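In what follows, a structure is listed as structure tokens, so that the remarks can point back to it.
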Amino acid sequence: MTAKKESIRDRVHAVRTGKKKKSVGERLVYVQTSLESMGKGGKFAFVVCASLVLFVAGAVLAVFINNAFLVPVFALAFAVIPFVYVRNSMSRYEKHIKDELETTLSVITTSYLRNENIIDAVKENIQYIKPPLKEHFSAFIGDAAFVSNTKRAILNLRNKINDDIFREWCDALIQCQEDSTLKDTLQPIVSKLTDVRLVNSEISSMMAAVRMEYYTMVGLVAGNIPLLYVLNKDWFRTLMFETPGKITLGVCGAVILVTYLFMLKFTKPIEYKG
């Protein structure tokens with residue numbers, strides 16, 4: 001089987017954003033790895049099954065109200081509910097990780113600048129590190145003692161946490177094992193975590209206002225349907241039971257679904273990309 005040829009549009013997207021568009025399979029793998037990173041890898045099958053059940057339920061609901069134009073809209077809208085839940089859970093988990101990383105890297109870096117021994121620096125502060133980072137740094141101490149290779153232990157630690165700033169810190173730390181004069185580069189890297197947190201704090205209220213405005217507009221659109229029943233029952237019957245009205249509902253539903261997904265994409269917290 002030949003691989004799907006990458007289109008020019010996909011190449012342009014990759015150049016502009018610095019990353020390729022993900023296929024459905026790649027997105028499912030991302031969901032699985034996200035759940036595994038949160039210690040909930042066993043729930044991936046449940047999420048997929050729930051999505052399939054809701055997909056069918058959405059299609060059945062559209063058939064029940066006798067509107068074939070809403071079948072794909074309801075089916076897709078219901079199917080993405082579990083994945084939106086996982087995405088929101090992952091966002092909260094990543095925020096927690098970044099907050100803990102800021103504190104953890106700060107205290108470890110301070111100790112390392114003093115004693116120039118990363119293993120001792122981690123040991124001094126391991127009691128102050130909170131889960132899930134504590135497990136990773138405890139494993140780092142064990143790796144360093146077992147393999148007797150600090151660079152390899154740092155590299156193993158680097159691969160356990162998916163954060164660009166943390167990986168940059170680990171890369172600088174590896175270089176410090178060869179040239180200790182480079183240790184002064186560590187603190188500015190840690191400061192990037194603080195900068196990203198402050199920027200996200202400043203724009204969080206603005207993003208919340210944008211989301212609230214979007215939900216208000218969706219509520220007004222959906223609220224017009226029962227409002228029509230009160231104001232003009234003939235218009236309501238046309239909208240619900242006549243073909244032009246059903247098409248209108250299908251188009252409105254599709255627009256709401258697509259704009260909702262774009263709203264989630266454009267109002268997520270900013271991330272540092274090294």
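The values are calculated or read from the model by the stated rules, or taken from the named source; none is laboratory data. Not measured: the values here are computed from a predicted model. Here the Cβ positions follow ideal geometry from the backbone for every residue, glycine too, while neighbour counts run over all protein chains shown.
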Item to check | Given (1) surrounded by fewer than 16 Cβ atoms within 10 Å (Cβ to Cβ); (2) over 30 Å from Y30 (Cβ atoms), index of the condition I118 fails | outcome: (1)
Checklist entry - What's the number of the condition N66 fails, among (1) more than 22 Å from the chain's Cα centre (by Cα); (2) part of a helix (DSSP H, G or I)? => result (2)
Next on the checklist: Residue under question is V73, and the condition is that it be in contact with a Leu (Cβ under 9 Å, 6 or more places away or on another chain), surrounded by 19 or more Cβ atoms within 10 Å (Cβ to Cβ), among the β-branched types (V, I, T) and in a helix (DSSP H, G or I); does it hold?
Outcome noted: yes
Item to check | Total residues in the range 235-267, condition exposed (fewer than 12 other Cβ atoms within 10 Å of the Cβ) and either part of a loop (DSSP other than H, G, I, E, B) or touching a Leu at 6+ places or on another chain (Cβ under 9 Å) (or both) | outcome: 1
Item to check | Number of the exception - L35 against (1) modelled with pLDDT of 90 or more; (2) in contact with a Gly (Cβ under 6 Å, 6 or more places away or on another chain); (3) among the hydrophobic types (A, V, I, L, M, F, W, C) | outcome: (1)
Checklist outcome for this item: When restricted to A68, A3, the only residue of a type in the set (G, A, S) and modelled with pLDDT of 85 or more is A68
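Considering each residue of the range 162-190, count those that are assigned to a loop (DSSP other than H, G, I, E, B) and in contact with a Lys or Arg (Cβ under 8 Å, 6 or more places away or on another chain), and give that number. Walk me through it before giving the result.
Initially, the range 162-190 is screened for residues assigned to a loop (DSSP other than H, G, I, E, B), giving 162-163, 177-179.
Narrowing further to those that are in contact with a Lys or Arg (Cβ under 8 Å, 6 or more places away or on another chain): 163, 177.
Going through the range 162-190 one residue at a time, the tally reaches 2.
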Item to check | Breaking point among (1) at pLDDT below 90; (2) farther than 30 Å from N200 by Cβ; (3) not aromatic (F, W, Y), for V56 | outcome: (1)
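Hey, can you tell me all the residues within the range 124-142 that are outside any helix (DSSP H, G or I) and either small (G, A, S) or surrounded by 14 or more Cβ atoms within 10 Å (Cβ to Cβ) (or both)?
Filtering the range 124-142 for residues outside any helix (DSSP H, G or I) gives 129-132.
I129, P132, listed by residue number.
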Next on the checklist: I'd like the residue in the range 143-170 that is acidic (D, E) and surrounded by 16 or more Cβ atoms within 10 Å (Cβ to Cβ) and, out of all such residues, is farthest from the chain's Cα centre (by Cα).
Outcome noted: D143
